[in-house]
Amino acid sequence: MARRKKKKLPEIDHLLKPLMEEFPIQFFKLQDIPKAVTWAERGNIAIHENYHSRRKQSYHVISGNRDNLARFCKRIGVDPEDITASEFFRFWHLTWFPEITEVKKFPGGRGRNQGLTYIHPSR
């Protein structure tokens, strides 16, 4: 019996592009997790496929800087309360399910927030 193909993960490039100017973000393949950990421990934001939940189609988001990660969470519509500390590494992490988020542009704002694109959960 042939194996079923693994369901493809949601495309997140269009979600990350507007955030890359504000956050030091890099996407890593599953086999590059050690590099992602090194990147994250320096305070950057690393994103990779979450191998623990392939059926749920999620990504693992990690960073050594909790404040940066909390701001990132707010921008992608994830509750910063979902952030937890790693037991083995020097970073904070969370699981992100991007299929429930969408990019929305909100006009207005003042100063540096004027015209920023925010990402909120789809309803």
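A few points about this structure:
- Selection within region 33-62 - under 21 Å from H14 (Cβ atoms) and of a type outside the set (A, V, I, L, M, F, W, C): N44, H48, E49, N50, K56, Q57, S58, Y59, H60
- Beta carbons closer than 6 Å, at least 6 apart along the sequence or on distinct chains, pair a first residue in region 65-85 that is in a helix (DSSP H, G or I) with a second that is at pLDDT 95 or above for L69/S63; F72/I45; P80/A70.
- Any chance K74 is modelled with pLDDT of 50 or more, exposed (fewer than 15 other Cβ atoms within 10 Å of the Cβ), out of contact with any His (no Cβ under 9 Å at 6 or more places or on another chain) and at negative phi: yes
- Residue identified as modelled with pLDDT under 90 and surrounded by 19 or more Cβ atoms within 10 Å (Cβ to Cβ) among L9, L30, L15: L15
- Any hit, region 28-35, residues being within 15 Å of H93 (Cα to Cα) and touching a residue at least 12 places away in the same chain (Cβ under 8 Å): yes
- Restricting region 33-71 to residues that are basic (K, R) and modelled with pLDDT under 90, the residue that is surrounded by the fewest Cβ atoms within 10 Å (Cβ to Cβ): R55
- Flag for I25 being within 12 Å of the chain's Cα centre (by Cα), of a type outside the set (D, E, K, R) and within 16 Å of D13 (Cα to Cα): yes
The values are calculated or read from the model by the stated rules, or taken from the named source; none is laboratory data. Just so you know, these numbers come straight off a predicted model, no measurement behind them. Backbone-built Cβ (ideal geometry, glycine too); neighbour counts: all protein chains shown.
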